[in-house]
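These notes concern the structure reproduced below.
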Amino acid sequence: MSAGTADRRGAGGRGAAAAGAHPDGGAPRPEPLLRAHAVRKAYGPTAALDGADLTIRAGEVVAVMGPSGSGKSTLLHCLAGIVTPDSGEVRYRGQELSAMSDGERSALRRTDFGFVFQFGQLVPELTCLENVAMPMRLGGVRRRTAERKAAEWLERLEVADVSGKRPGEVSGGQGQRVAVARALVDDPRVVFADEPTGALDSLNGERVMRLLTDAAHDTGAAVVLVTHEPRVAAYSDREIVVRDGKSRDMERVS
């Protein structure tokens, strides 16, 4: 991680967890990185969220589970500042997202958040290397620097051999690992993964989840993982179940 990234992470990164240390010298507990409280969101007469709560801490992987239509994807979109709740609040590093301008939220999604979607959503006209480098290029990083780092991430995600190919020329599993590389390339604090294995077979799905969670743990990024598959949720540190627009933190049983 570069010094600039370390500065940008500031108090939200793993290294600053000691700021939340107990006065008696016990194990430190980092302050929440992202918190949703009493979030409500309706589309017409249909309530997608009805008082959902969620707390994410730096470095943890949280699976958001629930049946189709339960509101879990809407919750992810509210957490990422893509959708504004009708009521309640979402705070990132203590700042309420709804108080930011559209431009500020867009900048936040570019600098602090990474995204992995079910079908990758890679740009078909660009090579895989260019797709991974794109977040850095949008942030003003020079092409050579961005593509060098993109190549490093493609190698880390075990798809260096597809760097010169376009998304339509690679398999689904390869494309999704390219999407994970794109999500992680610019050192995000939070990675939002919405059904990242939904279009993959079980073998490729397991591989994507292993690589995603290992890379996130190594970099200290938090992961918010929306899924309905228990085998995917098993990669998380804890699970949140969303049902009828409400959330419930589930204790992990050993």
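Where a number appears in this text, it was derived from the coordinates with a stated rule and is not lab data. Not measured: the values here are computed from a predicted model. Backbone-built Cβ (ideal geometry, glycine too); neighbour counts: all protein chains shown.
Observations on the structure shown:
- Partners of LYS72 within straight-line reach, counting aspartates and glutamates whose Cα lies under 14 Å from its Cα and excluding those fewer than 8 residues away in the same chain: ASP50, ASP53, ASP194, GLU195, GLU229, GLU239, ASP244, ASP249.
- Using alpha-carbon coordinates, inclination of helix 172-184 to the longest axis of the chain, degrees: 70
- Angstrom value of the Kirkwood radius, inverse mean 1/r, which spans all Cα pairs in the stretch 153-254: 14.5
- The slack between ARG148 and HIS228, meaning 0.36 nm per residue of separation minus the straight C-alpha distance, is 25.2 nm.
- A Förster radius of 45 Å, combined with the Cβ-Cβ distance separating ARG166 from ALA38, puts the computed FRET efficiency at roughly 0.50.
- Taking GLY164, GLY103, GLY114 as the candidate residues, the one with maximal mean-square fluctuation in a Gaussian network model of the chain, Cα springs under 10 Å, is GLY103.
- Amide H contacts under 5 Å for LEU33, placed H, 5+ residues apart: ILE56, ARG57, ALA58
- Estimated [θ] at 222 nm from DSSP helical runs (n ≥ 4, -39500 (n - 2.57)) normalised by residues in the chain, nearest 500: -10000 deg cm²/dmol
- Remark on the stretch 64-154: hydrodynamic radius 15.2 angstrom, per the Kirkwood mean of 1/r across alpha carbon pairs.
- With θ taken as phi - 60° and the Karplus curve 6.51 cos²θ - 1.76 cosθ + 1.60 applied, the whole-hertz 3J(HN,Hα) list for the stretch 191-204 is 10, 9, 10, 9, 6, x, 10, x, 9, 10, 6, 4, 5, 5 Hz, x standing for glycine and proline.
- Relative contact order (%) - criterion: Cα under 8 Å, at least six apart; region: the chain: 27
- When every Cα-Cα distance of the chain is counted in 10 angstrom steps from zero, the calculated P(r) takes the values 7, 31, 36, 22, 4, 0 percent.
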